[in-house]
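Since every read-out is calculated from the coordinates, none of them should be taken as a lab result. Quick caveat: nothing in here was measured; it's all calculated off a predicted structure. Virtual Cβ from ideal backbone geometry, glycine too; neighbours counted across all protein chains shown.
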Amino acid sequence: MKRLLLILLLVASPLWAVQPDEVLDDPALEQRAREISQNLRCPVCQSESIDESNAEIARDLRLLVRERLLAGDNDAEVIDFLVARYGEYVLLRPDRRGANAILWLVGPAMLLIALALGGFYARRRSQAAAPKGLSAEEQARLREIMKD
């Protein structure tokens, strides 16, 4: 009995957020809708796709995706429509071109700059800390103090 329950839970797990009234009659269109909705971010949950989210806006976006597919849009047109309407934030995996390239490159660049500055600082500090010998003047003064 426990195995049957576990199997049923595992089989039903991809359907947690998608409600039965959202599912399209055409299995091919439903599969396309699921693939698209797995790549779109829920504006409320932030780290979940709209396919996984139970938020009301995620449901609205899932219905919008299915509506656009029924209207005859291809996958790219559906995604372009949603990006035009909600911005690139709605994409779970934004592209790495244009202004986004800066965002993808700034993190590693800042890390390299920080490592270079840290290495430079450590090197300068170790050189400054090395003891130098006393000058002739200082040695004479030291002898004079030691006599007293």
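Database remark: amide H of LEU91 closer than 5 angstrom to the amide H of ARG41 (H placed geometrically; neighbours at sequence offset of 5 or more, or on other chains; Pro and chain starts carry no H). Between the listed residues TYR86, GLY72, LEU115, the Cα displaced farthest toward the positive end of the dipole of segment 62-148, a dipole computed from Cβ unit charges relative to the Cα centre, is found at LEU115.
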